[in-house]
Every structure is written in structure tokens, then in C-alpha cells.
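Asker: Here it is, the structure in full.
The values are calculated or read from the model by the stated rules, or taken from the named source; none is laboratory data. All figures in this text were calculated on a predicted structure; none of them were measured in a lab. Here Cβ is always computed from backbone atoms with ideal geometry, including for glycine, and neighbour counts include all displayed protein chains. Areas reflect the complete protein model, heavy atoms only, side chains present, ligands, DNA and RNA absent. Shrake-Rupley method; radii C 1.70, N 1.55, O 1.52, S 1.80 Å.
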Amino acid sequence: AQSVTQLGSHVSVSEGALVLLRCNYSSSVPPYLFWYVQYPNQGLQLLLKYTTGATLVKGINGFEAEFKKSETSFHLTKPSAHMSDAAEYFCAVSNYGGSQGNLIFGKGTKLSVKP
Amino acid sequence: DARVTQTPRHKVTEMGQEVTMRCQPILGHNTVFWYRQTMMQGLELLAYFRNRAPLDDSGMPKDRFSAEMPDATLATLKIQPSEPRDSAVYFCASALRDRSDYEQYFGPGTRLTVT
């Protein structure tokens, strides 16, 4: 069975500081990995995804993530935090047994950005 | 700008009442998901449909929850009778394609409060 662990339910950074949100996955087959962002009172929005190919994936709003198979990790980073990045971030792995393709989500990490 | 729509956005009801939530997936998408989000459990997959047929509803309490797709433009999630523990935000998401690397597009959610 596939699973996702997000380390840290809350992360706080100062504006302009590096953002690092951690995600580790468990999968018996090569995974497809996703990061979603949820702003207050909104649905989830895709930030970026890894399927195959280049292991460093760039997404929207300056975020990127690197797939590291040896570490079973897919950490999300952004060099310089903005106030507008304050949101909750979810890592997900695709359960693609057969052609199902539903996502298994982590518990989420709430990012706070201090002025 | 194609979006998933959900109605109502907010619902307050008394225990024992029937609740119906509606979702309009993005036109042309062939897969629809229902999720529930709570502080304690995070995001849980309740059910999903492919080409209007239910593929998996193992996440749903069968005795009180039901999900249907009367047509390709409407998905419904019904709770009868509702209980206070059903209080949560319910999200609908839609996706295209039968492969696991497709993006799920989330609606804004229905915030349900059962008193």
C-alpha cells in the first residue's frame, strides 16, 4: 500500500527566507508524486507533479521539488518566501493500481510567513 | 476558465436531517472524486466515479452516505440521517484521462455543520 508522511504539521518562516516542506512516501512501484496548496476557505490547487523524467520539478509561484528515489522523498522548496505563500500544503502519491489513479494525501503542512 | 463548482458552499443542519451536496465537474472530465476534510483525519477519499460508474466507495459509511452521478454534469453526495460527526468540509474533484498522472481539479468545497 502507498502512503505519504509530511514532517511537521506547522512550519513558520520569515519573509524572504527559504521554504522547505518535507514529504516522504512509501510505494512498492515507481510513484507519481504531487504537491497541492490550499489557501483559506478554498479547494486544493496543484503546485507541481513528478511523473517520469527529470527529477527536479518546477511548479507555480516559484516552488520546486526534487524526487529522490534513494531517500523516498519529494521535498518542496522555494528560495524566498512571500507573505502570499501562507497556506496549507499537501503532498500526495498516486495509487495507480490498474487504471484507478486516485491520490493518497499526506496530513498537510501549514506554512506561516512572518513579516 | 473551467472550474469545478459545488453547492451549497455552506450548510448548517440539525442532526437527523438529510443533506445533499452537489458538484458540477469540469466539462469533459471523466472522473469525479468526493473527499472529506477534517482537522483530525485530514483529507479522506470517500468515493470516486469513472464515466459515471462508481469505482470505489470504500471510504464512505454505507449506512448513511450515498454518492451518485445522475449525468455527466452532476455528482451528488447525500447523507441521511446526518450526525454531528459528519461536520467537515466536503470537496469534489474532477479529472480527465484514465492514467494516474492526471491532475485533479478541486472545487471550493461545502462546509457542513451538523448540530
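Asker: How many angstrom lie between the C-alpha centres of segment A:1-15 and segment A:36-77?
Answerer: Cα centres, segment A:1-15 to segment A:36-77: 12 Å.
Asker: State, to one decimal in nm, how far the label point of residue B:15 lies from the label point of residue A:80, with both points 7 Å from Cα in the Cβ direction.
Answerer: The two pseudo-label positions are separated by 5.4 nm.
Asker: At a 1.4 Å probe, what is the % contribution of carbon and sulfur to the accessible area of the protein assembly as shown?
Answerer: 51 percent
Asker: Can I ask one more? If the label point is 7 Å along Cα→Cβ of residue A:14, which residues in segment A:47-80 have backbone nitrogen under 20 Å from it?
Answerer: Residues A:78-80 fall inside that zone.
Asker: Find the relative contact order for segment B:17-115 and round it to a whole percent, using C-alpha pairs within less than 8 Å whose residues are 6+ positions apart. Provide the component values of the computation, followed by the final result.
Answerer: On the way: 216 pairs, mean separation 32.2, N = 99.
Relative contact order, segment B:17-115: 33 percent.
Asker: Further question: With a point put 7 Å past each Cα toward its Cβ, work out how far residue A:29 is from residue A:66 in nm, to one decimal.
Answerer: Roughly 2.8 nm, to one decimal.
Asker: Estimate the FRET efficiency between residue B:68 and residue A:114 by the formula 1/(1 + (r/R0)^6), using the beta-carbon distance for r and 45 Å for R0, to the nearest 0.05.
Answerer: In this case the efficiency is close to 0.45.
Asker: Can you pull out the buried accessible area for chains A and B, both sides counted, probe 1.4 Å, rounded to the nearest 100 Å²?
Answerer: 1800 Å²
Asker: Which Cα, out of B:23, B:89, A:47, lies furthest along the positive dipole direction of the protein assembly as shown (beta carbon charges, K/R +1, D/E -1)?
Answerer: A:47
Asker: For a quick check: with amide H placed at 1.01 Å from N, whose amide H comes under 5 Å from residue B:55's, ignoring anything fewer than 5 positions away on the same chain?
Answerer: B:48, B:49, B:50
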